[in-house]
Amino acid sequence: MIIFKSINKLVKKVNFKADIGFVPTMGSLHKGHISLIKKSQKMCQKTIVSIFVNPSQFNKFSDYKMYPRNLKKDLSILKKLKIDYALVPTKKNIFKNKKMMKIKISTKYKIMCAKFRPGHFEGVLGVINQFLKKIKAKYIFLGEKDFQQVFLIKNFVKEKFKTQVFSCKTIRDINTLPFSSRNKLLKPSQIVIASQVSKLIKKLKLSIKKDFKNKNKIFITMRTLNKMNIKVQYLEIKNEKNLSDLFNKNNFKIFVAYFINNVRLIDNF
């Protein structure tokens, strides 16, 4: 494994004529990240993993500062996985002259997380743009836990780059909770509560699949969450193809965002 702190130095080393897989992360690696990396290694000749906590996608500086970081442990994990290249750039390397580039998104997609975190996805697309302008990967691998993010990146990349977005299924623990770096900010008792939320959303999804009339049970699920003293930011059903409100029992997903204390978590089924 070769570690780079500069995109330009990495670009000089990598032969992009080979099939290159790119896995962008913000570090604090977990089993979800590892599954993306292994998928890249299976499909591509070489794999690049980036670790960069992107300040432009955080709504609050306190949230950015609180985001879990452990670079030494992350690099140890990547070394054991025998990846080819690790990219650990500085903010200055990504954002020249301290200007954090943001990409506008369509008003119709300013829903769910985009509605409650204004500027978040603009910041995500901005850093993806900075990466892919130089990293000419064949594939970029992303996890479907951040489904709205994957959807927006797919649309953006398709129009501007030759890189293909490969979305991978959400990896969950034995209690249904999706692996997330933010889980590390929770106490064991709070992990139990988060697992209960995921189980409720999964149960609702299965109920609607069984009988589409049960989609109205979303209101019952919301009441249940409120009784659990969970601050729900949104609980919505959307068409998984275009994120619209027009869906049927074969093309819908349920999306939730909620807080346990000050930790914001998301999930979808």
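The figures follow:
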| item | result |
| --- | --- |
| Share of carbon and sulfur in the accessible heavy-atom surface of the chain [1.4 Å probe, %] | 53 percent |
| Region 1-102 - accessible surface per residue (Å², probe 1.4 Å) | 57 Å² |
| Projected area, mean over directions - region 129-269, Cα convex hull, nm² | 9.7 nm² |
| DSSP-defined antiparallel bridges as percent of all bridges, the chain, nearest 5 | 45 percent |
| Dipole moment magnitude, nearest 20 debye, region 1-151 about Cα centre, only Lys, Arg, Asp, Glu C-beta charged | 420 debye |
| q = 0.07, 0.16 Å⁻¹, the chain: log10 I(q)/I(0) [Debye, one scatterer per Cα] | -0.25, -1.33 |
| By average C-beta atoms within 10 angstrom, highest first, the peptides 207-218, 37-48, 162-173 | 37-48, 162-173, 207-218 |
| The chain: calculated mean residue ellipticity at 222 nm from DSSP helix runs of at least 4, using -39500 (n - 2.57) | -11500 deg cm²/dmol |
| Unit charges on C-beta of K, R, D, E only; dipole of the chain, Debye | 440 debye |
| Shape of region 162-215, Cα gyration tensor, a/c cut at 1.5 | oblate |
| Summed side-chain charge close to PHE4 - residues other than PHE4 whose Cβ falls under 10 Å, Lys, Arg +1, Asp, Glu -1 | +4 |
| Options GLN41, ALA114, VAL88, ranked by Cα towards positive dipole end of region 31-173, top entry (Cβ charges) | VAL88 |
| Spatial separation of Cα centroids for region 1-64 and region 124-168, in angstrom | 12 Å |
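The values are calculated or read from the model by the stated rules, or taken from the named source; none is laboratory data. These numbers were taken from a predicted model, which means no experiment stands behind them. Here the Cβ is made from the backbone with ideal geometry for all residues, glycine too, and neighbour counts use every protein chain on show. We work out accessible area using only protein heavy atoms, side chains counted, and drop any ligands, DNA or RNA first. Shrake-Rupley method; radii C 1.70, N 1.55, O 1.52, S 1.80 Å.
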